[in-house]
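Novice: This is the structure I want to talk about, given as structure tokens.
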Amino acid sequence: MNTRLLWTAFVTIVVKEIRRFTRIWVQTLLPPAITMTLYFIIFGNLIGSRIGEMGGFDYMEYIVPGLIMMSVITNSYGNVVSSFFGTKFQRNIEELLVSPVPNWIILSGYVIGGAARGLGVGFIVTLLSLFFTDLQIHHLFITIAVVLLTAILFSLGGFINAVYAKTFDDIAIVPTFILTPLTYLGGVFYSIQLLPEFWQGVSQLNPILYMVNSFRYGILGVSDIDIGFAFAMIIGFILLLGGYALHLLNTGKGIRE
Amino acid sequence: MTTALSIQDLRKVYGNGFEALKGISLEVQRGDFFALLGPNGAGKSTTLGIVSSLVNKSSGKVSVFGHDIDTRLTQAKQCLGVVPQEFNFNPFEKVLDIVVTQAGYYGIGRKQATERAEHYLRKLGLWEKRNERARMLSGGMKRRLMIARALIHEPKLLILDEPTAGVDIELRRSMWDFLTEINAAGTTIILTTHYLEEAESLCRNIAIIDHGTIIQNTSMKALLQQLDTETFILDLKEDLDEVPTLDGYVIRSRDAHTLEVDVPKSAGLNALFQHLAAKGLEVTSMRNKANRLEELFVSLVDKNLKQESA
């Protein structure tokens, strides 16, 4: 396929993915908006006013970047894992497999589709946060770059999960038992400076900590970790998971008999 | 003449050790309307799955219009349209979106895809349903939707895996007309079906696969000539007193005014009718007991089973 045909195929997959999550917006876009509004009210306004400052900022200001990032992570992951598993389950993956679309285009299409939902929800949550606090973006490039790369990374994670999943339970296990705990412990609600030294060290093994803190740095200008290292790590994980996801597609794992 | 599909020594062993294909070889010529028949589990869907990249082969060679699927898969896929046995579209998507999206996977832009989709959906009587969700369609409409989707990139080779399963006879016949039309226009068609009447009336060449091996691969005409004996049902005007006998024919009574007669091809029907007329029996109507291909198919598969058991 030449470049024009590849582009058409890529756009087709992305549009199909965007059409899917916007068609079921009550399931995909509304719940995170409600959940995050509740976080803003309860943790930001009600409890946050008693906590005082965190990292030199109002508690509400401090948690907003983390909550935006949490939405991006869970929605990017959730979009691809449910969409690609659904495609496998309903067997309409065969529509793609019989066509000449190369595997890297299939992967890119799903990942950008997932990132689109993650970023879309992130945008909605950002707009909602403006009802509760003023957002002054400290470093626009870092803010945009880190949120985009994180959405891509977790879309890739969702894709790999979907390839391995055989039942609907399998697509819920990773988000529930791995992703949510890592996100909650990834510095969304607190600075790791508050933790004892040992737990600070343990926290630094959590990759989500680096994404949340990089994003917070982009918005507030404060971070618990080194931004350069965080970027290197995110890009490294993208290359690793991207390569692995492509390998799975090339070998037909979970999709070809 | 270019070979539309060439399969050489194709083997497939599934992960559980089941050997679905035991080294089959097959050629389908360009422009052919080819039947691939076999009992359930014989290896038909595995063969077509490998050709359409849905199943990984264990060994062997497959090429589509000269494009080896190991080295020129993209080109091979461009030539191929597949209508699977089971519904495999997203039931929550609209009919038009399903067809246009499939076109996009072949690099066809939205404008051209929509024009082609209109053409094929109109041809298949689905244009009025274009904005319906696919799950709202009847079984026959869903089958036609899969045909429209498979044709959207105008493939040279169309594979139809039981396209008329569960479709009523009127609709089945209209689908036969449509398939005959696109075959006449140059599309090579490979058909699997359990309706042997369908294969007999549509296909020029045939392969029968059983237990992962090809047990027949010939023209439909040559295959039907192998049929030694045909069984006919004769309806009589009057009730029978006794079952007539005639050398060379096996005549049985089904009920008081119906006979079942095994007619050897060498004997023909004239002697039978003369004999019945001499006995004062008037035949009001006559029909084959079973489709001719069906009789052959059953006998070939039985013979293969006995050989395998021996």
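The values are calculated or read from the model by the stated rules, or taken from the named source; none is laboratory data. Note that the structure is a prediction, hence the values are computed from the model and not measured. Using ideal geometry, Cβ is built from the backbone for each residue, glycine included, and neighbour counts are taken over all protein chains shown. Just so you know, the surface numbers come from the protein's heavy atoms only, side chains and all, with ligands and any DNA or RNA stripped out. Shrake-Rupley method; radii C 1.70, N 1.55, O 1.52, S 1.80 Å.
Novice: Considering only residues of the range B:127-148 that are closer than 17 Å to B:F178 by Cα, open to solvent by 10 Å² or more (accessible area, probe 1.4 Å) and more than 17 Å from the chain's Cα centre (by Cα), which is farthest from the other protein chains (Cβ to nearest Cβ)?
Specialist: B:W127
Novice: Counting just the residues of the range A:1-20 that are at pLDDT 95 or above and hydroxyl-bearing (S, T, Y), which one comes out nearest to A:R117 (Cα to Cα)?
Specialist: Top of the filtered list is A:T12.
Novice: Of all residues in the range B:59-90, which are assigned to a loop (DSSP other than H, G, I, E, B) and surrounded by fewer than 15 Cβ atoms within 10 Å (Cβ to Cβ)?
Specialist: Once the filter is applied, which keeps residues that are assigned to a loop (DSSP other than H, G, I, E, B) and surrounded by fewer than 15 Cβ atoms within 10 Å (Cβ to Cβ), the range B:59-90 yields B:G66, B:D70, B:T71, B:E86.
Novice: Filter the range B:250-280 for residues that are at pLDDT below 85, open to solvent by less than 70 Å² (accessible area, probe 1.4 Å) and in a loop (DSSP other than H, G, I, E, B) and give the result.
Specialist: Once the filter is applied, which keeps residues that are at pLDDT below 85, open to solvent by less than 70 Å² (accessible area, probe 1.4 Å) and in a loop (DSSP other than H, G, I, E, B), the range B:250-280 yields B:A256, B:A267, B:G268, B:G280.
Novice: Would you please list the contacts, defined by Cβ atoms under 7 Å and residues six or more apart or on different chains, that run from a residue in the range B:70-89 that is more than 8 Å from every other protein chain (Cβ to nearest Cβ) to a residue that is part of a loop (DSSP other than H, G, I, E, B) and among the basic types (K, R)?
Specialist: Pairs that qualify, where the first residue is more than 8 Å from every other protein chain (Cβ to nearest Cβ) and the partner is part of a loop (DSSP other than H, G, I, E, B) and among the basic types (K, R), are B:C79/B:K156.
Novice: Further question on the same structure: Do you know which of the residues in the range A:195-237 that are aromatic (F, W, Y) and touching a Phe, Trp or Tyr at 6+ places or on another chain (Cβ under 8 Å) is surrounded by the fewest Cβ atoms within 10 Å (Cβ to Cβ)?
Specialist: Per the stated criteria, the residue is A:F229.
Novice: Among the residues of the range A:88-97, is any closer than 27 Å to B:A134 by Cβ, open to solvent by 10 Å² or more (accessible area, probe 1.4 Å), free of Cβ contacts under 8 Å to residues at least 12 places away in the same chain and touching a Ser or Thr at 6+ places or on another chain (Cβ under 6 Å)?
Specialist: No, the conditions are met nowhere in the range A:88-97.
Novice: Which residue, of A:A162, A:A116, A:A145, A:A151, is farther than 30 Å from A:K88 by Cα, at pLDDT 95 or above and not β-branched (V, I, T)?
Specialist: A:A145
Novice: Let me ask something else about it. Tell me whether the range A:63-86 contains one or more residues that are over 22 Å from the mean Cα position of the chain (by Cα) and either away from every other protein chain (no Cβ under 14 Å) or at pLDDT below 85 (or both).
Specialist: Within the range A:63-86 (the criterion being over 22 Å from the mean Cα position of the chain (by Cα) and either away from every other protein chain (no Cβ under 14 Å) or at pLDDT below 85 (or both)), the answer is no, since none of the residues qualifies.
Novice: Could you count how many residues in the range A:142-167 are touching a helix residue (DSSP H, G or I) at 6+ places or on another chain (Cβ under 8 Å) and free of Cβ contacts under 8 Å to residues at least 40 places away in the same chain?
Specialist: 1
Novice: Does the range A:1-26 hold any residues that are touching a helix residue (DSSP H, G or I) at 6+ places or on another chain (Cβ under 7 Å), within 8 Å of another protein chain (Cβ to nearest Cβ), crowded, with 18+ Cβ neighbours inside 10 Å and over 17 Å from A:I93 (Cα atoms), and which are they?
Specialist: The answer is A:M1, A:T8.
Novice: Moving on. Filter the range B:281-302 for residues that are open to solvent by 40 Å² or more (accessible area, probe 1.4 Å) and within 17 Å of the chain's Cα centre (by Cα); which is farthest from B:E200 (Cα to Cα)?
Specialist: For the range B:281-302, the residue satisfying everything is B:V298.
Novice: Restricting the range B:91-119 to residues that are surrounded by fewer than 24 Cβ atoms within 10 Å (Cβ to Cβ) and aromatic (F, W, Y), which is farthest from the other protein chains (Cβ to nearest Cβ)?
Specialist: Here the answer is B:F92.
Novice: Determine if the range B:242-251 includes at least one residue that is among the β-branched types (V, I, T) and touching a Ser or Thr at 6+ places or on another chain (Cβ under 6 Å).
Specialist: Yes, there is a match, as at least one residue in the range B:242-251 is among the β-branched types (V, I, T) and touching a Ser or Thr at 6+ places or on another chain (Cβ under 6 Å).
Novice: Where in the range B:150-245 are there strands (runs of 3 or more DSSP E), lying wholly inside it, with at least 1 residues that are open to solvent by less than 20 Å² (accessible area, probe 1.4 Å) and out of contact with any Phe, Trp or Tyr (no Cβ under 9 Å at 6 or more places or on another chain)?
Specialist: Once the strands (runs of 3 or more DSSP E) in the range B:150-245 are filtered for at least 1 residues that are open to solvent by less than 20 Å² (accessible area, probe 1.4 Å) and out of contact with any Phe, Trp or Tyr (no Cβ under 9 Å at 6 or more places or on another chain), what remains is B:157-161, B:188-192, B:205-210, B:229-236.
Novice: Does B:V99 meet the test of being among the β-branched types (V, I, T) and not in a helix (DSSP H, G or I)?
Specialist: So B:V99 fails the test.
Novice: Now for a separate question. Would you check if there is a residue in the range A:27-42 being at positive phi, surrounded by fewer than 23 Cβ atoms within 10 Å (Cβ to Cβ) and away from every other protein chain (no Cβ under 14 Å)?
Specialist: no
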